[in-house]
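*Asks:* The structure that follows is given in the form of structure tokens.
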Amino acid sequence: MNFYKIILIILTIIGAILIEKRESGIIKKWFLGSRPFIALHYFFPAVLGIFLGTFMFQKQVNYLDAFLLMCAIFFSFQTSVVTNDVNDLRTDKISEKRSLLNASSQTIVHIHELGVYFFIISILFALVISYRMMLIVLLGHILHFTYSSRPFRLKRFYPISILMLTLGALLAGIAGFSLFEISKPFSAFPVKATLLIVVPLFFGLNFRDLADYQGDKRTEVTTLFTIFGLNKGRYINAILILISYISIPLILDFPLFFIVTIPLGILSLYFCLKQPFKEKYVFYIYFVLITVFAIIFNLNPGIIVPK
């Protein structure tokens, strides 16, 4: 089986070369619009799932399978980026937002092909791990498709849109956990870990819609900001992101963690209110939180691993 896994990695590289030959510069265009911060964000719950499996089942992780899973998650997310940008062409133009697309119909065709390529290899990376892993990744594709694409386009409906993004992160966590628990990964995934992923993200992800305010308003996409207005929405978003940080020690039942989450939450609140808004600073603070998480969980896995 390892032979097929290595072959798949080689074929992925060959496929990227062939796509680049079909339209020179398309890989660079994709890379610039690939949302690296969000892609990195999807790795964190997957690593949490692997962490849980390691301690709950007292097994060493298969590092090749873990790498293949990260590839599957990465390319699944990149499929969703293509799908979202294709469906948000008008919205992004109004918001003057950089995306994978421009007005060239040839580029749109090739970006579609790139999306199909990402979809296929994400499914294959998951399939060489296990059939059930492939089904989890496929479910993630379905979730992102219904989020972005008509006739569903559930991103139009707030707060369903935010809930779907949190469920996508939860699926990544369950995928990591299923490297150890193959038979029933959904029911066996710990409740505390589910809450730790879903609750803070549900409160904290509204800031992602701030840059799209003008486009969302004119294309009838409801967000926190189109409902309450840009000014009031900024304050509500800032308060919600602070709540997301405060919720973490409560979920973990680890009050000492307030020492970390309250200052980071206040910093996030500050950068959400600061104009012009720079979402990268919110991500930087989030990455600091994850780093502290990693240290504390390794020192005291009992705060997240069921006893």
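The values are calculated or read from the model by the stated rules, or taken from the named source; none is laboratory data. Treat the numbers as computed from the prediction; the structure is a model and nothing was measured. All Cβ positions, even for glycine, are placed from backbone atoms using ideal geometry, and neighbour counts span all protein chains on display.
*Asks:* Could you list all residues from the range 133-148 that are among the hydroxyl-bearing types (Ser, Thr, Tyr) and either surrounded by fewer than 18 Cβ atoms within 10 Å (Cβ to Cβ) or free of Cβ contacts under 8 Å to residues at least 12 places away in the same chain (or both)? Talk me through it step by step, then tell me what you get.
*Replies:* As a first pass, look at the range 133-148 and keep what is among the hydroxyl-bearing types (Ser, Thr, Tyr): 146-148.
Scanning the range 133-148 gives a single hit, Thr146.
*Asks:* Any idea which of Thr107, Thr12, Thr54, Thr91 is among the polar types (S, T, N, Q), closer than 23 Å to Gly168 by Cα and modelled with pLDDT under 90?
*Replies:* After applying the criteria, what remains is Thr91.
*Asks:* Restricting attention to the range 192-242, which residues are outside any helix (DSSP H, G or I) and touching a Ser or Thr at 6+ places or on another chain (Cβ under 6 Å)? Before you say what the answer is, go through the steps one by one.
*Replies:* Filtering the range 192-242 for residues outside any helix (DSSP H, G or I) gives 219-223, 229.
Across the range 192-242, the qualifying residue is only Thr219.
*Asks:* Here is a follow-up. Checking the structure you have, find out if any residue of the range 26-34 is of a type in the set (S, T, N, Q) and at pLDDT 90 or above.
*Replies:* Pass one, the range 26-34, residues of a type in the set (S, T, N, Q): 34.
With at pLDDT 90 or above added as a condition, the list becomes none.
No, every residue in the range 26-34 fails to be of a type in the set (S, T, N, Q) and at pLDDT 90 or above.
*Asks:* Going by the conditions given, is Phe287 modelled with pLDDT of 95 or more and in contact with a Leu (Cβ under 8 Å, 6 or more places away or on another chain)? Let's see the steps before the verdict.
*Replies:* Working: modelled with pLDDT of 95 or more: yes; in contact with a Leu (Cβ under 8 Å, 6 or more places away or on another chain): yes.
It is true that Phe287 is modelled with pLDDT of 95 or more and in contact with a Leu (Cβ under 8 Å, 6 or more places away or on another chain).
*Asks:* Just a yes or no: is a residue in the range 149-162 more than 19 Å from the chain's Cα centre (by Cα) and either without any contact (Cβ under 8 Å) to a residue 24 or more places away in the chain or closer than 19 Å to Val305 by Cβ (or both)?
*Replies:* yes
*Asks:* I'm trying to understand the selection: among the residues of the range 115-130, which are surrounded by fewer than 17 Cβ atoms within 10 Å (Cβ to Cβ) and farther than 16 Å from Asn62 by Cβ?
*Replies:* Val116, Ile120
*Asks:* Can I ask one more? Quick check on my filter: what residues within the range 115-155 are closer than 29 Å to Pro200 by Cβ and out of contact with any helix residue (DSSP H, G or I) (no Cβ under 9 Å at 6 or more places or on another chain)?
*Replies:* Ile142
*Asks:* Now for a different question. I need every pair where a residue in the range 205-222 that is of a type in the set (Phe, Trp, Tyr) has its Cβ under 6 Å from the Cβ of a residue that is outside any loop (DSSP other than H, G, I, E, B) and surrounded by 18 or more Cβ atoms within 10 Å (Cβ to Cβ), sequence separation at least 6 or different chains.
*Replies:* These pairs meet every condition: Phe207/Asn237; Phe207/Cys272; Phe207/Val282; Tyr213/Phe225.
*Asks:* List every residue pair whose Cβ atoms sit under 8 Å apart, with the two residues 6 or more apart in sequence or on different chains, where the first one lies in the range 244-272 and is farther than 13 Å from Phe293 by Cα and the second, anywhere, is of a type in the set (Lys, Arg).
*Replies:* Partner pairs satisfying both residue conditions: Ile251/Lys192; Phe271/Lys278; Cys272/Arg234.
*Asks:* Let me ask something additional. Just one of the numbered conditions (1) more than 28 Å from Leu224 (Cβ to Cβ); (2) of a type in the set (A, V, I, L, M); (3) at pLDDT 85 or above is not true of Leu143; which one?
*Replies:* (1)
*Asks:* List the number of the failed condition for Val305; all other conditions in (1) surrounded by fewer than 17 Cβ atoms within 10 Å (Cβ to Cβ); (2) in contact (Cβ under 8 Å) with a residue 40 or more places away in the chain; (3) assigned to a loop (DSSP other than H, G, I, E, B) hold.
*Replies:* (1)
*Asks:* Can I ask one more? Being assigned to a helix (DSSP H, G or I), among the small types (Gly, Ala, Ser) and in contact with a helix residue (DSSP H, G or I) (Cβ under 8 Å, 6 or more places away or on another chain), is that true of even one residue in the range 177-184?
*Replies:* Scanning the range 177-184, I find no residue that is assigned to a helix (DSSP H, G or I), among the small types (Gly, Ala, Ser) and in contact with a helix residue (DSSP H, G or I) (Cβ under 8 Å, 6 or more places away or on another chain), so the answer is no.
*Asks:* Moving to a separate point now. Can you find even one residue in the range 259-272 that is closer than 21 Å to Tyr147 by Cβ and within 22 Å of the chain's Cα centre (by Cα)?
*Replies:* no
*Asks:* Which of the residues that make up the range 169-207 are surrounded by fewer than 20 Cβ atoms within 10 Å (Cβ to Cβ) and touching an Asp or Glu at 6+ places or on another chain (Cβ under 7 Å)?
*Replies:* Ala188
*Asks:* Next up: Being at pLDDT 95 or above, in a helix (DSSP H, G or I) and farther than 26 Å from Gly233 by Cα narrows it down to one of Ile266, Ile295, Ile259, Ile246, so name that one.
*Replies:* Testing whether each residue is at pLDDT 95 or above, in a helix (DSSP H, G or I) and farther than 26 Å from Gly233 by Cα leaves just Ile259.
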